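Read through the structure below, which is laid out as C-alpha cells, and then see the notes.
Just so you know, all these numbers are worked out from the coordinates, no wet-lab data involved. Remember, it's a predicted structure, so these values are computed and weren't measured experimentally. FYI the Cβ positions are ideal-geometry reconstructions off the backbone, even for glycines, and counts take in every protein chain you see.
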C-alpha cells in the first residue's frame with residue numbers, strides 16, 4: 001500500500017507527500033487501499049491554477065474525488081463491506097494511497113468481475129448524470145450539450161441514455177470524434193462557419209447544458225432563440241460569475257440550474273448504465289499512467305489541457 005498523496009503546494013506546483021501509516025480504525029470505519037484514481041480535469045485545474053477564485057487560492061491543498069480501492073481492513077461494526085471488496089469512493093479528499101472512511105460515506109461496491117480501471121472516472125460521470133436526472137430529461141427531448149470535455153461527453157451520454165436526441169459542439173476535433181464514437185446524434189465543430197446556422201435549424205432545445213463556460217454562450221442562446229419556452233439551461237462548467245440577458249427567462253418560463261456533485265443513488269444508476277453499455281468510458285481515456293507520472297500530467301493540465309481527456313492514475317506500478 002502506497003503512503004503517498006498528491007498536494008498542490010503553490011499555484012501550478014505539485015508535490016508528492018508522505019501520508020504516513022493509517023490510524024487505528026473506529027468501529028464503523030474502513031481502510032481503503034487505492035488502486036486507481038481519476039483526474040477531475042476542470043475542478044483540479046481550477047484549483048491548481050486558482051481559476052474562477054476556485055479553492056480560495058489557498059495552499060497547500062488537495063483536490064479530487066475519484067478513488068477506486070480495495071477494502072483491506074474493517075472496523076468491528078462494519079456490516080455492508082468486507083475485506084477484499086472493490087469500491088468506488090467519491091469523497092473529496094484528493095489523490096491518496098490510502099483512505100479511512102466511514103462505511104456510510106459516499107461509497108459504491110463494485111462487482112468483482114469487471115474492469116475496475118474505468119470506474120476511476122465515475123465521479124465526473126456521476127456529476128453529469130446527476131445534472132441530467134435533476135433537469136428531468138426524457139424520451140424524445142431535444143438536447144444541446146456545449147463542450148465535449150469529460151463532463152460534456154458524459155452529459156451527452158446520460159441524456160441519450162434517457163432517450164433524448166442529442167446535439168454536441170466543441171472546437172477540438174478529437175473530442176468530437178469521441179462524441180461520435182459514444183453515439184451523439186449531431187456533432188458540430190463550434191469553429192465552423194455553418195455551425196450557428198445548423199444549431200438554429202436543429203433547435204429550439206428544451207435542455208441546454210453548458211459544459212464549456214464560454215463567456216457569451218447565454219447571450220448567443222438568447223439572440224438566436226435556441227432555448228425552447230419552458231426549457232432549462234444547466235450550468236455544469238465552473239464559472240466565476242454568470243451573466244445573461246433578462247429576457248432570456250422573462251416571459252419564457254425557462255430556468256437556469258446547476259449540479260456540482262452526485263449522491264449514492266446516482267452512483268448506483270451510473271453503474272447500471274455502464275454495465276449496460278449506455279455510458280461509455282473507455283473511448284475517452286487519453287492517459288492511463290503510473291501515479292509517479294503525476295507531475296507530468298499536471299503540467300499538461302496547466303499548459304496543454306486540450307491534450308487530456310480522461311486521465312487515470314495506476315497506484316500499483318503495473319501500467
At q = 0.17, 0.21, 0.27 1/Å the base-10 log of I(q)/I(0) from the Debye formula over the alpha-carbon atoms of the stretch 93-169 is -0.78, -0.98, -1.25
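Sort the following peptides by mean Cβ neighbour count (other Cβ atoms within 10 Å, averaged over residues), highest first: 238-244, 224-230, 281-287. Can you show the working numbers first?
On the way: 238-244: 12.4, 224-230: 15.3, 281-287: 17.7.
The peptides rank, most packed first, as 281-287, 224-230, 238-244.
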Give me the number: length gained by fully extending residue 13 to residue 181, i.e. 0.36 nm times residue separation minus the C-alpha to C-alpha distance, one decimal in nm. 57.0 nm
Subtracting the Cα-Cα distance of residue 2 and residue 115 from 0.36 nm times their residue separation yields 38.5 nm
Roughly how tilted is helix 264-275, in degrees to the nearest 10 and between 0 and 90, from the longest Cα axis of the chain? 80
In nanometres, the difference between 0.36 nm per residue of separation and the alpha-carbon distance of residue 306 and residue 261 is 13.9 nm
On C-alpha positions alone, give me the angle between the axis of helix 122-135 and the longest principal axis of the chain, in degrees, nearest 10. 40
Take every DSSP beta bridge whose two residues both sit in the chain, then give the antiparallel share in percent to the nearest 5. 55
By Cβ neighbour count within 10 Å, fewest first, 169, 155 rank 169, 155
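Which three semi-axes in whole Å describe the equivalent ellipsoid of the stretch 124-258, each the square root of 5 times a Cα gyration tensor eigenvalue, listed largest first? Working shown, then result.
Working: eigenvalues 80, 56, 43 Å².
Semi-axes (√(5λ), whole Å): 20, 17, 15.
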Dimensions (Å) - the chain, Cα atoms, principal axes, largest first: 60, 39, 34
Under a crude label model (7 Å from the Cα following the beta-carbon direction), how far is residue 51 from residue 224 in nanometres? 2.2
In degrees, nearest ten, helix 150-161 long axis to first principal axis of the chain (Cα): 70
